[in-house]
Amino acid sequence: MVIQPGKCTTTQGDMFSMKALSPAHIAQPSNDVTVRFRRASGSPCYPSHNSFREAAGLQRFMMAADSEPESEVFEITDFTTASEWERFISKVEEVLNDWKLIGASSGKSLEKGAYTTEAWEEKSDEIAFADFRFSVTHHYLVQESNDKDAKEELVEDVLPVSMQDLLCMNNDFPPRAHCLVRWYGLREFVVIAPAANNDAVLSESKCNLLLSSVSIALGNTGCQVPVFVQIHHKWRRMYVGECQGPGVRTDFEMVHLRKVPSQYTHLSGLLDIFKSKIGCPLTPLPPINISIRLTYVLQDWQQYFWPQQPPDIDALVGGEVGGLEFGKLPFGACEDPISELHLATTWPHLTEGIIVDNDVYSDLDPLQAPQWSVRVRKADNPQCLLSDFVNEFFKVCRRKESTDEILGRSAFEEDGKDADISHALSKLTEPAPVPIHKLSVTNMVHTAKKKIRKHRGIDESPLNNDVLNTILLYLFPDAADKLTDVSEARTSTSAGSLPPPDNEDYNLYIQFKSAPSDSLTYKLALCLCMINFYHGGVKGVAHLWQEFVLEMRFRWENNIFIPGLASGAPDLRCCLLHQKLQMLNCCIERKKARDEGKKVNSDRSSADTGKPDGSKESDKEKEVGKSWESWSDSEDEFFECLSDTEDLKANGQEGGKKGIPKDGSKETISLKPEGRLHQHGNLTLLHPGDPLYVPVTQEPAPMTEDLLEEQSEVLAKLGTSAEGAHLRARMQSACLLSDMESFKAANPGCCLEDFVRWYSPRDYIEEEIVDEKGNVVIKGDLSARMKIPSNMWVEAWETAKPIPARRQRRLFDDTREAEKVLHYLAVQKPADLARHLLPCVIHAAVLKVKEEESLEDISSVKKIIKLIITHSSKVLRFPNPEDKKLEEIIGQILSVEATIARARSLKAKFGVEKCDKEEERKDLERFVNSFLEQPEVSVIGAGRGPAGTIIHKLFMSAQRLTEPTEETASMMPLDDELKRSGSMDEKRMNLGSAADFPLPAGREVILRTTVPRPAPYSKALPQRMYSVLTKEDFRLAGAFSSDTTFF
């Protein structure tokens, strides 16, 4: 096509026309040269807008030679600048090309409900028109594509998929989809909208300019996907658009009004609009398919009272329920989580002649509708007890005040601070026996109450005595019986009616890194959570924590075990606070064993004083006793096992203090073995041939995770030098050295090989060899790593002396470690405490949710609980998790709690428990549970089914409440009463059973037909109009197709 200057025209249907391009924008050809501009098929006859894609706006037009051989071919470079409008069209085309939306599209008709069950996806990009930015979004339904079927379906002159969707009736009124999907039934479309929320296309000229741009871009690219432009303010949801196909075009138009014209409130008026809009010249008019949906809203639930009540903490303390009630978290919504019920009655397939709906009479009876569907509207942010408890406790994590700042002066200050200090030195040096008081709640909190009263009155305390004593009795049940033995109390409080250790719910603490559900730490977390919610907030938390720390010190000083903790070393799978309490229990256990050992020794020494050589023995005992009295300050500390004092006297302390000759000497062999536990099978010592005995050894020092981290940091700081590596090995071999000394004391005359055979059998290699006489004998030797020069094992063996475990320096200083734990507990701020215990609170909340869900058996809730456990285990396994992730976990717990509350509310409203027939009850349960998983639920049997009957009764009960009573009717004037009764009677006659329902809150109508436009001989194309009428809103959305082959 030869382009002549000033004579460029375009035909884009009857949508718009363009002005001729200025001659200045087109290069002037010479007389004997034919200038050809390349352009895409289907584009206007002026230069394609694809040519305006240069960043600097420079255009390069390629010229091709004419078919005549004598014509000259050369290239003309046009340096004219593209306009902003041309650049915008080019960007739209680029986006459509990048998303591969060009060319013809194919697709099968969708199954019923596909818009709700299948997934929707979207892509977004940004473009600009001058300085005004637009966002371009592609919405599409994800479908499995079959290339073979697609190739077979590509037929010439086939209508675009979007035009076929206009007539599809399988997915009318989808409950959850984009508004354009509901209005036009499209499976794929593109939306161009202002990028900023406060921007809007308001003027008609700008709207027309955008539509022209879309039309040109669709023509240039051959895209058959509808493209919409959002106009006016975003809250109005106003869209206009266009879809182009081979010789066809569909225009999407919209009307949005606040006040509804009276002629558009019924079907007959909408049919008049639709007929006038399509302007079909044929007579008679092709039949119009009609789909109608009326929506009724039930808001009045007065006949049903929401049973959930918040727990009464005063009743709890008053003795109406037991103290164990503190271990139960509340659950449920404080208000009805279901606010409204929406009933949609649908007539999916109607024609104009079989139904009447005008301003006088209507055939649309809800009970006669062939389809019923129900959806429920959830209450906005219902108040749920469990999530409120967890949320309020989580807020404590963000507080910065210390315990002293919250409560005033420190409650840990000693009594008599202002007393006479002249006897301070004697008070420090004189012996101060610590009596073990009888266990009772009063004795345990006596010190704390006395010190707190000193600085503030009893009435000022955040927790009163009743609440405090109830909580302490719940936390420390061994204080309930004054005569209960301490050891018995410890074993009895550890057990209880709790899940067995192999239970999945019980072992949940390992994933959350919290604490077992029967532990003291877990109970403390629940008590603090309840106190924070009901008793003074963070002040109550600080007060209870002070009392708890004082109780820990009381138990340490009086050798009373802490209940609710597993014996043994700290469990590194639990939270740090739980590990600290376990460490303190280990210290109490060691201290108690040592004190009992001293008591036994002192009793025996006093019993031996009557013997002839009692003076000597008593002197030795005094020497031993002196070492025990000075254990807290002396470097030469000893570990006292429960042993016979006579063994100690027989060997003497000199064997442990003075040097011992090397192995094999007569003096060593003459030593009496000490600290033997039992014989080690049939093993014998290599050189003397005596049986090999397993020694009594010290237990390794228990460690919490923070101590392990500190130790690893210290070892890492030693560096990689030889000296640092040697020092690191010595620090790590303290336990090895202690075991070697115990082994030497138990097996006099032993060698390193004997120790290795017991301690590390893999490092002693035995081989069968043939001796000189031809006999097969077994010969053993140390492994290669034991023979390395400067081996730590060899050095430690040479350094070790034959000292039994009871006279060695303690590997674990229980006094120092206990004081460190008590100091750690005392300096914890409420925020730090909440951080430590938050995993326990989340753990308890998840267990509570699982318990409540088991009563309802909701499959969707089970899936969410599994996701919560997986998410929580990832977040809580690491120290100091992010607040945002913790908020996500709490939000998930809230959603599950609200879902279970909704299920219970719906079961109460639909009378599931009152249903006598088992089959009907199960059907109702499935119907109610489907509300929790689906946005809209179909009612089987419509108004005549079991669920439909219940829904009908609900609406009837609500309508009776709105009708005037006899008292109100008697107070009305006679004329008004007659008018009202007459109007009501007329209404009942006209509406029939519709009087049982309120006026519809929403009326939706879809009109479809296929007619030729714009001429009788044009191709018959789909036409569609959607109408929605609500109380304050009226909208018409039309899609009108026309044949552009000759127009």
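Worth a mention:
- Put the Cα centre of region 88-148 next to the Cα centre of region 533-549 and the gap is 58 Å.
- Between residue 816 and residue 771, the FRET efficiency from the beta-carbon distance, with R0 = 60 Å, is close to 0.60.
- Accessible-area rank, largest first, for 126, 723: 723, 126, with all protein chains present and a 1.4 angstrom probe.
- Charge dipole magnitude, Cβ of K and R +1, D and E -1 - region 676-815, Cα centre, debye nearest 20: 420 debye
- Restraint check, 866/917; 917/953; 848/885; 513/850; 914/953, Cα-Cα greater than 27 Å: 866/917
- Normalising the average separation of contacting C-alpha pairs (under 8 angstrom, six or more residues apart) by the number of residues puts the relative contact order of region 676-815 at 29 percent.
- For region 363-376, putting each phi into the Karplus relation 6.51 cos²θ - 1.76 cosθ + 1.60 with θ = phi - 60° gives couplings of 8, 7, 8, x, 5, 8, 5, x, 10, 10, 9, 10, 9, 10 Hz, in residue order, rounded to whole numbers and with x for Gly and Pro.
- Volume per residue that the Cα convex hull of region 676-815 spans, once the total is divided by residue count, Å³: 143 Å³
- For residue 388 and residue 276, a Förster radius of 56 Å and the Cβ-Cβ distance give a FRET efficiency of 0.45, rounded to the nearest 0.05.
- Computed across region 820-882, the Kirkwood hydrodynamic radius from all distinct Cα-Cα pairs reaches 13.7 Å.
- If you take the Cα centroid of region 930-963 and the Cα centroid of region 177-205, the two points sit 35 Å apart.
- Evaluating 6.51 cos²θ - 1.76 cosθ + 1.60 at θ = phi - 60° for every residue in region 800-808, the Karplus couplings come out as 5, 10, x, 10, x, 4, 6, 10, 7 Hz, glycine and proline recorded as x.
- The stretch between residue 83 and residue 121 holds 10.3 nm of extra length on full extension. This uses 0.36 nm per residue minus the Cα-Cα distance.
- Entry comment: accessible area of region 676-815 is 57 Å² per residue, from protein heavy atoms only and a probe of 1.4 Å.
- Less than 5 angstrom separates the built amide H of residue 128 from those of 134, all sequence-distant by 5 or more or on a different chain.
- Region 908-940: trypsin sites (Lys or Arg not before Pro) in DSSP loop, at most 14 other beta carbons within 10 Å: 914, 917
- Segment residue 1017-residue 283, length gained on full extension (0.36 nm per residue, minus Cα span): 262.9 nm
- Across region 159-204, the mean sequence separation of Cα contacts (distance under 8 Å, 6 or more residues apart), normalised by length, yields a relative contact order of 33 percent.
- Using a Förster distance of 60 Å, the FRET efficiency for residue 257-residue 507 (Cβ separation, nearest 0.05): 0.45
- Apportionment of accessible area to carbon and sulfur, region 676-815, percent (1.4 Å): 52 percent
- Taking amide hydrogens as placed 1.01 Å from N in the peptide plane, the amide H of residue 676 sits under 5 Å from those of 696, each at least 5 positions away in sequence or on another chain.
- Probe 1.4 Å - accessible area at residue 832, Å² to nearest ten: 60 Å²
- For region 882-899, backbone phi angles converted through the Karplus equation (6.51, -1.76, 1.60; θ = phi - 60°) give residue-by-residue couplings of 5, 4, 5, 5, 5, 5, 5, 5, 5, x, 5, 5, 4, 5, 5, 4, 5, 5 Hz, Gly and Pro being listed as x.
- The orientation-averaged projection of the convex hull spanning the C-alpha atoms of region 187-259 amounts to 5.8 square nanometres.
The values are calculated or read from the model by the stated rules, or taken from the named source; none is laboratory data. Computed from a predicted structure; not experimentally measured. No Cβ is skipped: glycine too gets one built from the backbone with ideal geometry, and neighbour counts run over all protein chains shown. With ligands, DNA and RNA removed, areas are computed over all heavy atoms of the protein, side chains included. Shrake-Rupley method; radii C 1.70, N 1.55, O 1.52, S 1.80 Å.
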